[in-house]
Amino acid sequence: QVQLVESGGGLVQAGGSLRLSCAASGSISGIKVMGWYLQAPEKQRNLVATITSGGTTNYAESVKGRFTISRDNAKTTVDLQMNSLKPEDTGVYYCRILTSMYDYWGQGTRVTVSS
């Protein structure tokens, strides 16, 4: 079974940057959308950014202009460059790959932004 593995989380001061990466352990066909979601403490999991197979991106209003999502189709990876981080960006970030048949999720990587 293919697994998604996230990396790049950690502790950073407000205003700093982090880059999250997500890689699939095997080949995935029929990818429709790849994305990142945030589960802040005591809150539900919400969309941060997505990118379609055609390269169309979508961002939560709160991260527009600060975060950039990118993908490498050949390597089945999706990255999230996070700049100008704020304390409210704190939480666990999950990678997701949605295909025509399956919905894959990673285990999450924790990001803590201190004020």
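The values are calculated or read from the model by the stated rules, or taken from the named source; none is laboratory data. Treat the numbers as computed from the prediction; the structure is a model and nothing was measured. FYI the Cβ positions are ideal-geometry reconstructions off the backbone, even for glycines, and counts take in every protein chain you see. With ligands, DNA and RNA removed, areas are computed over all heavy atoms of the protein, side chains included. Shrake-Rupley method; radii C 1.70, N 1.55, O 1.52, S 1.80 Å.
You will find that of 47, 11, 98, the residue that is touching a strand residue (DSSP E or B) at 6+ places or on another chain (Cβ under 9 Å), assigned to a strand (DSSP E or B) and open to solvent by 80 Å² or more (accessible area, probe 1.4 Å) is 11 and no other. Residue 38 meets all of the listed conditions (1) open to solvent by 40 Å² or more (accessible area, probe 1.4 Å); (2) modelled with pLDDT of 95 or more but one, namely (1). Among the residues of segment 52-95, those identified as hydrophobic (A, V, I, L, M, F, W, C) and part of a strand (DSSP E or B) are 67, 69, 78, 80, 82, 92, 95. Residues in segment 59-76 that are among the polar types (S, T, N, Q), open to solvent by 30 Å² or more (accessible area, probe 1.4 Å) and over 10 Å from the mean Cα position of the chain (by Cα): 62, 73. Tell me whether segment 85-95 contains one or more residues that are under 20 Å from residue 11 (Cβ atoms), open to solvent by less than 50 Å² (accessible area, probe 1.4 Å) and acidic (Asp, Glu). Within segment 85-95, one or more residues are under 20 Å from residue 11 (Cβ atoms), open to solvent by less than 50 Å² (accessible area, probe 1.4 Å) and acidic (Asp, Glu). Residue pairs whose Cβ atoms lie under 9 Å apart, separated by 6 or more positions or on different chains, with the first residue in segment 23-52 and over 27 Å from residue 86 (Cβ atoms) and of a type in the set (A, V, I, L, M, F, W, C) and the second open to solvent by less than 60 Å² (accessible area, probe 1.4 Å) and part of a loop (DSSP other than H, G, I, E, B), are 24/2; 24/76; 28/2; 28/76; 31/76.
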